Amino acid sequence: MYDFDQLTDRRNTGSLKWDVAEHELPMWVADMDFETAPEIIKALQERVAHGVFGYTIVTDDWYDAYISWWERRHHITFERDSLIFCTGIVPAISSAVRKLTTVGENVLIQTPVYNIFFNSIRNNGRNILESPLVYDGKEYKIDFEDLESKLSNPQTTMLLLCNPHNPVGKIWDRETLAKIGELCAKHHVLVLSDEIHCDLTDPGYEYVPFASVSETCKNNSVTCIAPTKTFGIPGLQTAAVMVPNPVIRHKLNRGLNTDEVAEPNAFAIAGAVAAFSQGEAWLEELRVYLADNKQFVRDFCAEHIPMVKVVASHATYLLWLDCSAITENATELKEEIQRISGLVLTEGEEYGACGRKFMRLNTACPRERLKQGMLCLKKSIEAILRNH
């Protein structure tokens, strides 16, 4: 029904992703190359046709759209009062760090993890404390002994959780999340859960909202959610935080308002409502297409460049490439690939020192473009191996 093979030209549109040289092919930042759901486009066109773009409030149908979506798809009931609009998940994370922790305290992250987490901590005068995930050559797990040791430090006051986990594509199961929640509560550490990738799971796989796991998790957490990653609309600047605990909610609400990131632009509400109330059929087809794209990359690497190992993943449209058989320094490898073929990936060290031998690949594009990217990768790797 929906055409994900359409090659929409994004050059010269002010696109961050496509702000590259003419010969380069960007597969780096987590931004899809698909046009968003026609239902969302129609809702935005209707909003434009009205012609007046004044100050905008958060409407009842915005709350209803979020509540209905998470009940239906993720089996958790949000109280209306627990939801607060914000302009994006990154602004919400930075606000939460500023309002709910103190300068000089530790904010714990599980690396390799979304690179902007580092900025939100460091830029606000807090200390980054890493509890690296354990990689066994196939997948990632949590080292709970190390995690508890670092949570028990009195200076550690917040855990930034990535659920599902970017860049490794891991869906944390209920038991794992429960254990994280219990340890954080035991050591008086607040959980800030970034769940922006929650809808982008492989068909047959579901994510578990952190707040749904237990009363302990629910009452000691802030959950960041949005339609933007799911529907390819980050430019609309529309998101929400879900905070069940009224004391934490009051503080964060004040923080978001102080930082002036709690008011919607003229399209943020209409876009979100259309996404959650009319975008489900589009998303279901997208999930199948993305799963097929990821499988194409796995098959291509296995056949043509077996020295590049694709880490197993069931969430996000990002793939974490283990390049340890080729290099000790994937930053240099990424730069060589870009020079040889024009393919732009993200070096793994962006996500923490433990990502030094990895690269991240974005598969959210039409299959023809993905095939082109993989041929570029093959050409580059072969040239690099010949020269070394």
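So what is the relative contact order for the stretch 311-385, in percent, with contacts set as C-alpha pairs under 8 Å and at least six apart? Dividing the mean separation by the residue count of the stretch 311-385 yields 34 percent.
The phi torsions of the stretch 371-388, fed into the Karplus equation with coefficients 6.51, -1.76 and 1.60 and a -60° offset, translate into couplings of 4, 4, x, 5, 5, 5, 5, 4, 4, 5, 4, 4, 5, 5, 5, 5, 6, 9 Hz, rounded to whole numbers, with Gly and Pro shown as x. At a 1.4 Å probe, what is the % contribution of carbon and sulfur to the accessible area of the stretch 255-388? Within the stretch 255-388, the accessible surface is 47 percent carbon and sulfur.
Per residue, the chain reaches -13000 deg cm²/dmol at 222 nm when only DSSP H runs of four or more residues are counted, each adding -39500 (n - 2.57). Judged by the gyration tensor of its Cα atoms, with axes a ≥ b ≥ c, the chain is oblate; a/c meets the 1.5 cut and b/c is at least as large as a/b.
Of D173, D202, D194, the residue with the greatest mean-square motion in the GNM of the chain, using alpha carbon springs below 10 Å, is D173. Extending 7 Å from Cα along the Cβ direction at Q6 and again at A281 yields two label points whose distance is 1.6 nm.
Calculate, for the chain, the solvent-accessible area per residue in square angstrom, rolling a 1.4 angstrom probe over the heavy atoms of the protein chains.
42
Under 5 Å from the amide H of L343 lie the amide H atoms of L25, each residue being 5 or more positions distant or on a separate chain, with H modelled from the backbone and absent for Pro and chain starts.
Springs between Cα atoms under 10 Å define the GNM used for the chain, and in it the highest mean-square fluctuation of I171, I233, I142 occurs at I142.
With 18 Å as the limit on Cα-Cα distance, the pairs of K334/K379; K229/K357; K294/K371 that go past it are K229/K357. Once C-alpha pairs closer than 8 Å and six or more residues apart are averaged by separation and normalised to the residue number of the chain, the relative contact order reads 24 percent.
Residues whose amide H falls under 5 Å from that of N127, counting only those 5 or more places apart or on a different chain, are G104, E105, N106, V107, with hydrogens built in the peptide plane. Between R80 and H304, the C-beta separation translates, for a Förster distance of 51 Å, into a calculated FRET efficiency of about 0.45. Overall shape: oblate for the stretch 196-248, with the ratio a/c of the largest to smallest alpha carbon gyration tensor axis at 1.5 or above and b/c at least equal to a/b.
Extension gain, T59 to E260, is 70.5 nm, computed as 0.36 nm per intervening residue step minus the present C-alpha separation.
What the phi angles of the stretch 325-336 give under the Karplus curve with 6.51, -1.76 and 1.60, with θ = phi - 60°, is a coupling list of 6, 10, 8, 9, 9, 6, 5, 5, 4, 4, 5, 5 Hz, glycine and proline written as x.
Sequence-ordered 3J(HN,Hα) estimates for the stretch 231-243 from the Karplus curve with 6.51, -1.76 and 1.60 and θ = phi - 60° stand at 10, x, 10, x, x, 7, 6, 9, 7, 8, 10, 10, 10 Hz, glycine and proline given as x. When the GluC sites (Glu not before Pro) in the stretch 232-284 are filtered for DSSP coil states and for at most 10 other beta-carbon atoms within 10 Å of their beta-carbon, the remaining sites are E260. Can you classify the stretch 212-328 as rounded, prolate or oblate using the Cα gyration tensor, where a ≥ b ≥ c are the square roots of its eigenvalues, rounded means a/c under 1.5, and otherwise it's prolate if a/b beats b/c and oblate if not? Cα axes put the stretch 212-328 in the prolate bin.
Of all accessible surface on the stretch 118-241 at a 1.4 Å probe, what whole percent is carbon and sulfur? Carbon with sulfur: 46 percent of the solvent-accessible area. Between E350, E79, E195, the Gaussian network model of the chain with springs among Cα atoms under 10 angstrom shows the greatest mean-square fluctuation at E79. Take every pair of alpha-carbon atoms less than 8 Å apart whose residues are at least six positions apart; their mean separation over the length of the stretch 105-213 yields a relative contact order of 26 percent. Note on the chain: with charges restricted to the Cβ of Lys and Arg (+1) and Asp and Glu (-1), its dipole about the Cα centre is near 600 debye.
The values are calculated or read from the model by the stated rules, or taken from the named source; none is laboratory data. Computed from a prediction, not measured in an experiment: that's the story for all the values here. All Cβ positions, even for glycine, are placed from backbone atoms using ideal geometry, and neighbour counts span all protein chains on display. Just the protein is used for accessible areas: all its heavy atoms, side chains included, with ligands, DNA and RNA removed. Shrake-Rupley method; radii C 1.70, N 1.55, O 1.52, S 1.80 Å.
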